[in-house]
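Single-structure report; data block below.
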Amino acid sequence: MKILILGSGGREYSIARAIKNEDTAHELFFQPGNGATVDLGTNLNIKDYNELADFALENEIELTIVGPEAPLVDGVVDIFKSKGLTIFGPSKEAAQLEGSKVYMKNFLAKYNIPTARYIETDSIEEAYKFINSLTTTPIVVKADGLCAGKGVIIAQSADEAKKTVGEMLSGAAFGDAGKRVIVEEFLDGYELSMFAVCDGKDYILLPAAQDHKRLEDGDKGPNTGGMGAYAPTPLVDEELYQKVRDRIIRPTLDGMQAEGAPFEGVLFIGIMVVNGEPITLEFNVRFGDPECEILMPLMTSSVSDMFYKAATNRLGEIDVSFSDEYAVGVVMASENYPYGSSTPAEIILDDVKHEDIAKYTHISFAGVSREDDKLYATGGRVLVCVGLGKSIKEARDRAYMRCGQVHFAGKKLRTDIAYQAL
Ligand code: AMP
Ligand code: GLY
């Protein structure tokens, strides 16, 4: 197949890598891709979605896969579909499950899907009243719109919650994205991410993953997009999977159909498990990054076929299988991540001589550019070293061995990925 992948991160690299490893040969294109995706296909530079769709038509692209949320919220799927193209991802309307926390919370409430008790409002008086009614702290305040992962504040006191609400509603904190807010009760439990590949009606649930959002070891420091992840997590048993299926995924797909916005794409469910019960924290409408980088290598059936069948509403026709191994991904980021940009630094990759490391590890590249056949770290999250193994420990040890063979000035990584599971 000719396949176009939108995005430039490790997530998109890992999807492409999995597709390239299939028995059938595929031709890949990236918009825009990165300095390493050129090893897997052709990087494009067509920013306008209408022009990109025309390119897809002219070049007989059979499947387009969208990685990040921004093009989805902007309606890239609607544009491609209006031209008769096959594209995997939610429509602009369905992408509201991520694009608007107010939409999501009201949807969850309407269809009785478990979530934290909340109020959604643009009135400071209403927000204060709700805050005053809460008997416990912390209190969670969320901006409605997309804020690059920064729109959630866990306030330690009612006063701090009120101050945060004020800053958001005035537009001072996040501009228009904060002019409606959610205030909700704090859920105390452990967090999980689950990913369901959906075709509107049917879905495939992938192994549950755990991400490490904080920059520093021991879950300290500022939030990031994710510094590492592992899957499957032993914190989930069959009973919990079943609860997520019955109480969250099934009613979400049925509800979105009833809303006239059937959900096609990746439903990324942020879950807090409280006393054994899964509560929905958030939805995203795309794969997590770096979760995708560890889930793709665990799939033993065809990744491209899964996305194709999902995009053509035929998931019911296929069986998807997963390896019985574990995967651990360790992010290597640039010096100034997540605060600011970093000076480009050449990446030196040692030759992998150890047979075990060659066989059971690989790298998914993200923030890299290429010049004269040299790779440079260009900032943000640069790459993810992935290790596979029969246990989480084996997978983690291998991932870290691979990290030891990657060098660039200012490289930054956590040394405790998967600690919760060990
Ligand atoms: P969200 O973008 O809504 O997932 O929020 C980002 C992070 O804030 C989550 O991954 C949780 O760690 C935390 N969080 C959000 N909502 C709550 C809540 N109601 N209770 C506890 N933690 C929360
Ligand atoms: N790793 C979390 C995310 O992609 O949102």
Check cross-link reach from Lys309 to the aspartates and glutamates: straight Cα distance under 13 Å, and skip same-chain residues fewer than eight apart. Glu62, Asp199, Asp202, Glu264, Glu317, Asp319
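Would you kindly calculate the translational diffusion coefficient of the chain, applying Stokes-Einstein with the Kirkwood radius from alpha carbon pairs, for 37 °C and a viscosity of 0.692 mPa s, and quote it in µm² s⁻¹ without decimals? Let's see the in-between values first.
Working: Rh = 22.0 Å.
For these conditions, the coefficient is 149 µm²/s.
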Table column - 3J(HN,Hα) (Hz), the stretch 201-216, Karplus curve with 6.51, -1.76, 1.60, x for Gly and Pro: 10, 9, 8, 10, 8, 8, x, 5, 10, 10, 9, 10, 7, 7, 5, 9
Applied in sequence order to the stretch 163-173, the curve 6.51 cos²θ - 1.76 cosθ + 1.60 (Karplus, θ = phi - 60°) yields integer Hz couplings, x standing for Gly and Pro, of 4, 4, 4, x, 5, 6, 5, 6, x, 5, 7
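Just how large is the dipole of the chain about the Cα centre, in debye to the nearest 20, putting +1 at every Lys and Arg Cβ and -1 at every Asp and Glu Cβ? Let's see the in-between values first.
Working: 43 positive and 64 negative charges, 127 e Å.
Rounded to the nearest 20 debye, it is 600 debye.
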Straight-distance crosslink candidates among lysines, where the alpha carbon sits under 19 Å from Lys412 and sequence neighbours closer than 8 are dropped: Lys213, Lys220
Measure off 7 Å from each Cα along the Cα-to-Cβ vector at Glu191 and Asp254, then give the distance between these two points in nanometres to one decimal. 3.0 nm
Give the total of Lys-Lys pairs in the stretch 22-149 with Cα-Cα distances below 28 Å; include a pair only if its members are 8 or more places apart or on different chains. 20
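Rounding to the nearest 20 debye, state how big the charge dipole of the stretch 125-260 is about its Cα centre with +1 on each Lys and Arg Cβ and -1 on each Asp and Glu Cβ. Intermediate values should be presented prior to the final figure.
Details: 15 positive and 23 negative charges, 60 e Å.
The calculation lands at about 280 debye.
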Projected onto the charge dipole of the stretch 266-353 (+1 at Lys/Arg Cβ, -1 at Asp/Glu Cβ, origin at the Cα centre), which of Ser323, Gly270, Pro290 gives the Cα projection farthest towards the positive end? Gly270
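No value in this document is a laboratory result; all are computed from the given coordinates. Note that the coordinates shown come from a computational prediction; the quantities given were computed from them, not determined experimentally. FYI the Cβ positions are ideal-geometry reconstructions off the backbone, even for glycines, and counts take in every protein chain you see.
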